[in-house]
1. For the range 257-343, which GluC sites (Glu not before Pro) pass both filters: DSSP loop (anything but H, G, I, E, B) and at most 15 other C-beta atoms within 10 Å?
2. What chymotrypsin sites (Phe, Trp or Tyr not before Pro) in the range 91-120 are in a loop by DSSP, with at most 11 other Cβ atoms within 10 Å of the Cβ?
3. When a/c is below 1.5 the answer is rounded, else prolate if a/b is larger than b/c, else oblate, so apply that to the range 208-311 with a ≥ b ≥ c taken from the square roots of the Cα gyration tensor eigenvalues.
4. For a quick protection proxy, order the peptides 389-397, 215-223 by their average other-Cβ count within 10 Å, most packed first.
5. Considering only protein heavy atoms, with the full assembly of protein chains and a 1.4 angstrom probe, order E175, E122 by accessible area, largest first.
6. Would you list, by chain and number, the lysines whose Cα falls below 25 Å from the Cα of K392, excluding same-chain residues fewer than 8 positions away?
Amino acid sequence: MRYAILNEFFPDVEKKLNRVAKKCVKHGNPFTFEVEGEEIRKMMVDGNEHHYKFTIVNVEGTAKIDNWECIAVLEIHSAGNVIRRINTEIELPERFKHTENVCEHCNSKRFRNNLYVIHNVETDEWKQVGGSCLSLYTGGLSLEYVAAYLDGITELEENDGFVPSGCKHYYPVEEVLGYATEIVDKIGYYNANSDHPTKVSVTYMTIFDDKDKAIDELNKDLKKLGVWFTKKDFFKKETEDKVKGMIEYYLSLKPDTEFIHNIQVMLTEGYVLSKGIGFLAYLPEGYNKYLKIEKDRAEREKAAANTQFFGEVGKRYRGQSIKAVNQIASWQNDFGVTHVYKITLDNDAVLTWKSSTCLYLENGEDFDKIDFSVKAHTEYRGQKQTEVTRCKVSKKKVKKEPIAAQTDTYSDVMDALDLAFGA
């Protein structure tokens, strides 16, 4: 039989099952139980739905000696018998729901709290017997053994799928990442040292069943930022697609750090406790950085694909219009300082120039024309570049504003002087 035991209860249940197994070995009866795994179940507790983790146990065994198997214990009441099953896989005859308090072995009729239903696996005979006759009838099936066996089975039956109030909740990682994504995309990521850590904001949205209350708490925490959230900021369809991409990205990484290892475990399991929310709260920030890097790379590749070499190696060119000038490197050597410039022409051709000349790049767009000789054609990260030498760069001419004509008259000047000196 398979049973689902809440993880918090399983250690105690396991101890009891181990005791039963030892008694079964003592009486020569097979009894085994194995843990098949864990399972998350969504259940209604205290009027709210939450996810809980169960340990799935498969139990096999029987209370049987000399072909007689104890099937159930009957608690005798005037209104009928309460049946506590030991073997749930066999159908119990209806008559045992209402029987007189009689042992069908010794035929004695007297007050008993319990009667024991036994079944012969070879002849299919059924009897109810008292505790005193149980061991006699079965050749050694003792009350102690049956009680221990029943105790273990009862423990499993009572705890199968049972969840009391106050047990640990498990939260779906896709739900947590959805809240984290919508918060980070709107206001950015804040670490644990901030006045409003992102993990706290995500925790509000995750653990509160009443989402209106969760948003109120979130807004109270973020009031210093002057940012307000509404329900329209959450539960967006596009967020679901982004979360799926995010999970695929993090699962594809090499687990070469503890952080990556931990989040891959959480993502693979699909559920986290509240203490795991902080790990997941950072993931949208890291994923956004990855998306930006990929976007920049794609733009560079696109731009590189459109570039062409300029001119012929060995030839000199004059008066080529400049779009932009950037210094990409410089270093000190025995002869002074060497600078490396990246010069983009109006036709988007890229020139690279290594020189000791300092261009004083206050504004790369101030340069106008360039004369140069083509030294070589090379490629860097897929971009075609033309190495040049013997360069002469000119700046754009700045037009000077004409000085305004003097229009003041002699009398205007004298009036100003009189005013200044109080004449």
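1. Numbers: sites: E258, E269, E285, E294, E299, E301, E312; in loops: E312.
Hits after loop and neighbour filter: E312.
2. Details: sites: F96, F111, Y116; in loops: F111.
Listed in order of number, the matching sites are F111.
3. The shape class here is oblate.
4. On the way: 389-397: 12.6, 215-223: 16.0.
The densest-packed peptide leads the list: 215-223, 389-397.
5. E122, E175
6. Those lysines meeting the cut-off are K315, K323, K342, K354, K369, K375, K384, K400.
The values are calculated or read from the model by the stated rules, or taken from the named source; none is laboratory data. Since this is a predicted model, take the numbers as computed values, not measurements. Positions of Cβ are backbone-derived with ideal geometry, glycine not excepted, and every protein chain shown enters the neighbour counts. For accessibility, only protein heavy atoms count, side chains too; no ligands or nucleic acids. Shrake-Rupley method; radii C 1.70, N 1.55, O 1.52, S 1.80 Å.
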